[in-house]
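**Student:** Below you will find the structure I want to go over with you.
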Amino acid sequence: MSSGPAPTGVDGELAVDLYRRMLRIRHFEEQVNELYRGGKMPGLAHLYIGEEAVAVGVCAALNHDDYITSTHRGHGHCLAKGAELNPMFAELLGKEAGYCHGKGGSMHIADTKRGNLGANAIVAGSAGIATGAALSAKKRESGQVAVCFFGDGALGQGVLYEVMNMASLWRLPVIYVCEENQYNEYTHFSEAIAGEIDARAKAFGIPVEEVDGQDVQAVYLAATRAVARARAREGPTFLNCHTYRFHGHHVGDIDRSYYRSKEEEDRWRDTRDPLKLAAVWVTSSGHAPPSRLDQIDEEVQSEVRAAVEFALNAPYPELSEVTEHVYA
């Protein structure tokens, strides 16, 4: 596995910012889990804990007006692209103050002001949207880039191959980011994916870069290279980010022993936690002392707690909202 060159291009300010963004996602998701367990959140959520370095590393390489599309495990992508905590929690609780006025819930959050074209509960469902956004950017000569996040389960969906073919033919400014977390819901990817993952993109002439998805530096640098290619009109890139979800497929997936071992989970938590790895990098490189990271942790936890309180006290939408923004 290659994680690219040494992170000499990441300065102290950016390093600390990357750590803060990852911590923000971690504490957000921990609160989502608590809201579910406390019976305060309707429906399910799919936690992004363990994969924070992918979303943060990629989105840090993007401009404010660049596009992303997301998945059912999309909270991390939304927050990494700049979503605010108050409307995020409000959306999960079905409140009027949410990004979609409480109608989207966990799996359908969108924030178009920041280029987030939405999470999507359909596996590979947003691949066409991201590629279409890239086509639009090329036609308008806007210089924008589109990023399509998806899990390795999407590699079994035909739409992904149709759009990668188009993107390669038309040299579209799109980056396909595979969050290869080893499991398609409850099935290990070795039982669902034939052949090599990288070969699938290479078949369309799309350059592939394998990345250690637990290393935010490596992800950021790989994404920066892919974004530069896209802006230079050199076409799409496929990033294969090796990562791992620490929790179950969704918040209700508690007993996972029938499809993966506790030893495996503990090994990833103990040795491959992206936040722990980032903390070591930031402190050992002299970008910030441990006391500064402790301060950031306190600040982020305070922000998250305040946002939860806001969402719990926010009003539900009026009944008339149910027919608003319905087009079919």
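The values are calculated or read from the model by the stated rules, or taken from the named source; none is laboratory data. Owing to the predicted nature of the structure, the values given are computational and were not obtained by experimental measurement. For neighbour counting, all protein chains shown are included, and Cβ atoms are generated from backbone atoms with ideal geometry for every residue, glycine included. Protein only, heavy atoms only, side chains kept; ligands, DNA and RNA dropped before computing areas. Shrake-Rupley method; radii C 1.70, N 1.55, O 1.52, S 1.80 Å.
**Student:** So which residues in region 304-328 are within 23 Å of Ile49 (Cβ to Cβ), acidic (Asp, Glu) and open to solvent by less than 80 Å² (accessible area, probe 1.4 Å), if there are any at all?
**Tutor:** Selection gives nothing.
**Student:** Of the residues Gly98, Gly143, only one is of a type in the set (Gly, Ala, Ser) and either surrounded by fewer than 21 Cβ atoms within 10 Å (Cβ to Cβ) or not in a loop (DSSP other than H, G, I, E, B) (or both); which?
**Tutor:** Gly143
**Student:** Working only within region 71-90, note down all residues that are assigned to a loop (DSSP other than H, G, I, E, B) and of a type outside the set (D, E, K, R).
**Tutor:** Thr71, His72, Gly74, Gly82, Ala83
**Student:** Under the condition of being of a type in the set (Asp, Glu) and in a strand (DSSP E or B), which residue from region 175-203 is surrounded by the most Cβ atoms within 10 Å (Cβ to Cβ)?
**Tutor:** Glu179
**Student:** Looking for whichever is in contact with a Pro (Cβ under 7 Å, 6 or more places away or on another chain) and in contact (Cβ under 8 Å) with a residue 24 or more places away in the chain here; the options are Val219, Val147, Val174, Val211. Which one fits?
**Tutor:** Val174
**Student:** Now for a separate question. Could you please let me know if Ser106 is open to solvent by less than 10 Å² (accessible area, probe 1.4 Å), of a type in the set (S, T, N, Q) and within 22 Å of Cys59 (Cα to Cα)?
**Tutor:** no
**Student:** Step by step: first the residues of region 51-70, then only those that are charged (D, E, K, R) and open to solvent by less than 40 Å² (accessible area, probe 1.4 Å), then the one that is farthest from Asp253 (Cα to Cα). Which residue is that?
**Tutor:** The selected residue is Asp66.
**Student:** State all residues of region 34-50 that are open to solvent by 20 Å² or more (accessible area, probe 1.4 Å) and either touching a Leu at 6+ places or on another chain (Cβ under 6 Å) or without any contact (Cβ under 8 Å) to a residue 24 or more places away in the chain (or both); if no residue qualifies, say none.
**Tutor:** Of everything in region 34-50, those that are open to solvent by 20 Å² or more (accessible area, probe 1.4 Å) and either touching a Leu at 6+ places or on another chain (Cβ under 6 Å) or without any contact (Cβ under 8 Å) to a residue 24 or more places away in the chain (or both) turn out to be Glu34, Gly38, Gly39.
**Student:** Oh, and also: Which of the residues that make up region 120-140 are surrounded by fewer than 23 Cβ atoms within 10 Å (Cβ to Cβ) and part of a helix (DSSP H, G or I)?
**Tutor:** Across region 120-140, the qualifying residues are Gly128, Ile129, Gly132, Leu135, Ser136, Ala137, Lys138, Lys139, Arg140.
**Student:** Of the residues Tyr258, Tyr244, which is touching a helix residue (DSSP H, G or I) at 6+ places or on another chain (Cβ under 9 Å) and closer than 29 Å to Glu191 by Cβ?
**Tutor:** When all the criteria are applied, what remains is Tyr244.
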